[in-house]
Structure formats: C-alpha cells, structure tokens
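Right, one structure below, let's go through it.
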Amino acid sequence: MNHKKKRKGVTNYAPRCPYCGSTTVYRSATGIYQENDDDVMLYVCKNYPACDAYIRTQKGTAIPIGQMANGKLRALRTDAHRLFNQLYLKGFMPKQTAYGWLSSVLGVPQDKAHIAQLSEMQCELVIRETKKQLTFYETHMKSKKRRNDHHDTDVRANANC
Ligand SMILES: [Zn+2]
C-alpha cells in the first residue's frame with residue numbers, strides 16, 4: 001500500500017499563512033506578478049486573493065525566502081526600500097556605508113539586513129530612521145549649497161565691475 005499523501009502543490013517547506021491561518025499553495029508567480037520572466041515560484045495563501053499573502057522561493061528550489069507577506073507589508077517594504085536607496089542615490093553616503101547603517105539600525109549582521117525580509121515593525125523603524133538621516137543630509141547639503149550660491153553671486157558681482 002502506498003501511504004504517500006503528497007498532494008500537488010504541497011511541499012515540505014510550505015509555510016502557513018500567518019494572516020488567516022490557512023495553508024499555502026506552491027505555484028508560479030505568473031498571474032500574481034505583473035511580469036514573471038524569471039519564472040519565480042511562490043507560496044500563496046490558499047485564500048488568495050481574499051487574503052493576498054505570499055512569499056517567493058529561492059530560485060530553483062521550493063525553499064521560501066523569509067516570511068509570508070501581505071499587500072500592506074509589501075507596500076511598507078517598497079516604501080522603506082525607496083527611502084533607504086535615497087541615502088546613496090543622492091550621494092549622501094556610499095552604498096556600502098548605507099547598508100552598514102541599515103544593519104546597525106536593525107541590530108542584525110549586514111548579511112541579514114535585507115529590506116525584502118523585514119517585518120512591519122522593522123519597516124516602520126527603517127522608514128522613521130531613514131527620514132531622519134535624509135532630513136539631516138538634505139538640511140546640511142542645502143546650507144552648504146546656499147553658501148556656494150552666495151559665493152557665486154559675489155563672483156558675478158565682481159565680474160560686472
Ligand atoms: Zn492568508
């Protein structure tokens with residue numbers, strides 16, 4: 001007799017949905033992602049789309065990368081990432097330094113400091129702390145720029161003499 005009860009779409013790694021408690025289905029991201037050129041595989045809450053929680057898997061494996069996330073958490077991560085990227089995209093610090101700062105804010109080693117894996121609370125922390133940094137650097141750069149502008153005016157005034 002065959003006692004194997006492995007159902008289609010069920011793997012040993014399948015997480016439970018932390019939002020509604022339902023089981024998850026291992027399936028392609030096609031139809032969930034706007035584009036799925038990389039053939040990403042997901043664990044999707046069985047109640048999808050009523051419950052829009054899912055997690056992607058490591059490429060070529062059925063191992064989930066991090067915890068299940070719903071739409072609200074994904075939006076928070078997107079916000080946190082967009083803000084955080086400003087730190088180096090605007091030239092306030094090198095990318096490496098920004099990630100070092102991120103790991104100290106989160107209190108985790110740098111190889112664990114991935115915004116894609118943050119919880120809601122961690123996202124809110126990163127958003128709050130990043131805003132402080134951006135405000136600091138933007139104020140600092142502005143006052144520096146104002147001094148330079150002033151200098152330019154002086155030079156122009158002298159040239160007109
Ligand atoms: Zn769910």
statement: Projecting the Cα atoms of Y43, T61, S22 onto the charge dipole of the range 8-68, where Lys and Arg contribute +1 and Asp and Glu -1 at Cβ, the residue farthest towards the positive end is S22
statement: Residues whose built amide H sits under 5 Å from the amide H of V40, excluding neighbours closer than 5 in sequence, are A29
task: Sum up the charges of everything whose Cβ sits under 9 Å from the Cβ of L42, counting Lys and Arg as +1 and Asp and Glu as -1, but leave L42 out.
output: +2
field: Directionally averaged projected area (convex hull, Cα atoms, the range 8-68), nm²
entry: 3.9
message: Could you order the peptides 131-138, 40-47, 69-76 from most to least packed, using the average number of other C-beta atoms within 10 Å per residue?
response: 40-47, 69-76, 131-138
- line: When the charge dipole of the range 62-139 is computed with +1 on Lys and Arg Cβ and -1 on Asp and Glu Cβ about the Cα centre, the Cα farthest towards its positive end, among H81, P109, Q122, belongs to H81
query: What's the FRET efficiency of T139 with S119 using the Cβ-Cβ distance as r and R₀ = 41 Å, to the nearest 0.05?
result: 0.85
field: Extension reserve of the V40-T97 stretch, reckoned as 0.36 nm per residue once the Cα distance is removed
entry: 17.5 nm
query: With respect to the cross-link table entries K112/K142; K46/K131; K72/K95, which display a Cα-Cα separation exceeding 31 Å?
result: K112/K142; K46/K131
- request: State, to one decimal in nm, how far the label point of K112 lies from the label point of Y33, with both points 7 Å from Cα in the Cβ direction.
  value: 2.7
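Any read-out appearing in this document is the output of simple, stated calculations on the displayed coordinates, not a laboratory observation. Given the structure is predicted, the values throughout are model-derived calculations rather than measurements. Don't worry about glycine lacking a Cβ; one is built from the backbone with ideal geometry, like all the others, and counts go over all protein chains shown.
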